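The values are calculated or read from the model by the stated rules, or taken from the named source; none is laboratory data. These numbers were taken from a predicted model, which means no experiment stands behind them. Don't worry about glycine lacking a Cβ; one is built from the backbone with ideal geometry, like all the others, and counts go over all protein chains shown. Note: accessible area is taken over every heavy atom of the protein model, side chains too, but ligands, DNA and RNA are not part of it. Shrake-Rupley method; radii C 1.70, N 1.55, O 1.52, S 1.80 Å.
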Amino acid sequence: MTSSKFKLSKSSYVKGHQCKKYLWLSHHNPEQAAPPSSFQESIFKQGHEVEFLARKLFPNGVSMAPSQLDVLHQTQDTITHGASVIYEAAFSYQDVLIRADIIARNPDNTWDLYEVKSTTKIRKESKDKALKPQYMQDVSIQKWVMEGAGIKIKRCHIIYLNSKYIRGRELDLKSLFIIESVDSDIAIALGDVPKLVLDFLAILKGTQPEVDIGSQCNNPYECPYKSKCWKDVGPISIHCLTRITDTKRKNLKDLGVNDIKDIPISFELTANQQIQMQAVQNKLQINLHEIKKFMTDFEEPLYFLDFETIGYAIPRYQETTPYQKLTFQYSIHVLHNGSLGHSEFFYEQDSDPSRKCAENLIRELRDVGSIVAYHKSFEAGQIRDLAERFTDLAPALNNIENRLIDLEVPFAKFWYCDGRFEGRSSIKKVLPILIPTLSYEGLSIQKGEEAQRAYLEFLGIIAPLKSSDEIREDLLNYCKLDTLAMVEIYNVLKAISN
Ligand code: SF4
């Protein structure tokens, strides 16, 4: 149990919106939460770097102590002594403690609040471009607490990264960051705060709330209690039904249905959900007509291509933007007349790999033959990005993009559906079922995000746990397996269609 005398913080207030059980567990059983992965830790680190950099927009501020001990008094003293800018100021009101990233005093002794987010998007993609709920909650609880503590807040802002900013030799902070007023966005959420604070405090005083698992477990953030709440969810559970909505989950639960195989025929399912249900009941569903048609698109030589990329919140190299994905590595398996070859690219310098990557790709992929990717929108986006940046290479890169074929299509469209895919089509789900002998198990790197973390270690940007030769080897093995897996999946589809 937490030892703080304050029951809620701005992060627990946001957790309470996500799930009441998450709020309760994080207060009473923090030790049961999954620890952040090494990749998540590197994301938090980037978040701190962004916050520290944003402070430079408001120079000469006074930093409050990181620990809770006496920080409330320290903040009050700092205000009383006339500070005009404070970083991490602390305020409390009605059992809630908040730390404000940046507050700046106005000439009339009111204050402006600045919340820093290491994102390039604070609004939804929807037509109304509403502020994302988690940011609304985050800023409204801060304003409510500060005003309750006697601080008059004139304006609230979010500071975030400008996705269009292209770095020059030096960082231009005024262009890197966007400062956006959110006063009108939080007006309604602010009115809800008093009641929600009472509700959340009552939850914390009570016993663990009963909450069914659902979409909230990943939205807006992946809940660290998933291994606890989802422990009984097996591959044929209704929760693995492709694109299941929370309404459908509830309707099935009301019918007492836990497994896909027990869904009544009369229950309304999408076309893909029906195929998945049949696959769970009868093992495999194959749409031979569509797979045969799909296989006619492949023209030898076949280049099986996979990229690994890295993105930096604060652009690290000239001519790059925040979070721009830079391809530092690729693997290519080439299948031609029954023989299989392999080549790879790995960029070892701490500089922008893009030009070198584009030139090597053009040389290796030549100008005829299909280029096979798994979930090709990713590779296509990277190639388009390179073509936009290096216009002299654009014709060759456009040729590469036009030759891309997406090997995920038969699985994403449920033309090939095995009940054990759990309603998904990612290569990590499909490969172990189609080719059980080819596995990522035993590799030091098993996911794209682990590859990103390893590359940061290779460059020495974060402290490495292995020698650079070992990290390089791990990265090469991982990427090579991805393209070899594609070759094997292609062979399975080919065998079916013949
Ligand atoms: S896993 Fe889901 S149900 Fe469980 S605490 Fe987290 S959000 Fe709530």
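Under the combined filter of DSSP loop state and at most 14 neighbouring Cβ atoms within 10 Å, the stretch 282-365 retains these trypsin sites (Lys or Arg not before Pro): Lys283. In this simple spin-label approximation, Asn402 and Ser84 carry label points 7 Å from Cα along the Cα→Cβ vector, and these lie 6.0 nm apart. Spin-label model, Tyr317/Lys283: points 7 Å from Cα along the beta carbon direction are separated by 4.9 nm. Overall, the anisotropy analysis places the chain in the oblate class: the square-rooted eigenvalues a ≥ b ≥ c of its C-alpha gyration tensor yield a/c not less than 1.5, with a/b not exceeding b/c. When both bridge partners sit in the stretch 291-497, DSSP labels roughly 75% of those beta bridges antiparallel. If only the Cβ of Lys and Arg carry +1 and only the Cβ of Asp and Glu carry -1, the dipole of the stretch 8-205 around its Cα centre is close to 580 debye. Based on DSSP, what percent of beta bridges with both residues in the chain are antiparallel, to the nearest 5? So the antiparallel bridges in the chain amount to around 75 percent.
Under the definition of Cα pairs under 8 Å and six or more residues apart, what whole-number percent is the relative contact order of the chain? In percent, rounded to a whole number, it is 13. Applying the Karplus relation 6.51 cos²θ - 1.76 cosθ + 1.60 with θ = phi - 60° to the stretch 467-481 yields 3J(HN,Hα) values of 6, 5, 5, 5, 5, 4, 4, 4, 5, 5, 4, 5, 5, 5, 5 Hz, where x marks Gly and Pro. Between Glu300 and Thr391, the FRET efficiency estimated from the beta carbon spacing at R0 = 41 angstrom works out to 0.85.
Under 1.5 on a/c is rounded, so check that first for the stretch 181-273, then, if it is not, pick prolate when a/b is larger than b/c and oblate when it is not; a ≥ b ≥ c are the square roots of the alpha carbon gyration tensor eigenvalues. Because a/c hits 1.5 or more and a/b exceeds b/c, the stretch 181-273 counts as prolate. Which of rounded, prolate or oblate describes the stretch 8-205 when judged by the alpha-carbon gyration tensor and an a/c cut-off of 1.5? Rounded. Beta bridges assigned by DSSP with both partners in the stretch 245-387 are antiparallel in approximately 90 percent of cases. Each Lys and Arg Cβ is given +1 and each Asp and Glu Cβ -1; about its Cα centre, the chain then shows a dipole of about 1200 debye. Rolling a 1.4 angstrom probe over the protein heavy atoms with all chains in place gives the stretch 1-117 an accessible area of 49 Å² per residue. For the stretch 409-497, state which GluC sites (Glu not before Pro) are in a DSSP loop and have at most 10 other beta carbons lying within 10 Å of their beta carbon. Here the sparse-neighbourhood loop sites are Glu441.
Placing unit charges on the Cβ atoms of the charged side chains and taking the dipole of the chain about its Cα centre, the candidate lying farthest along the positive direction among Cys240, Leu386, Val50 is Cys240.
For the chain, adding -39500 (n - 2.57) for each run of n ≥ 4 DSSP H residues and dividing by the number of residues yields -13000 deg cm²/dmol at 222 nm.
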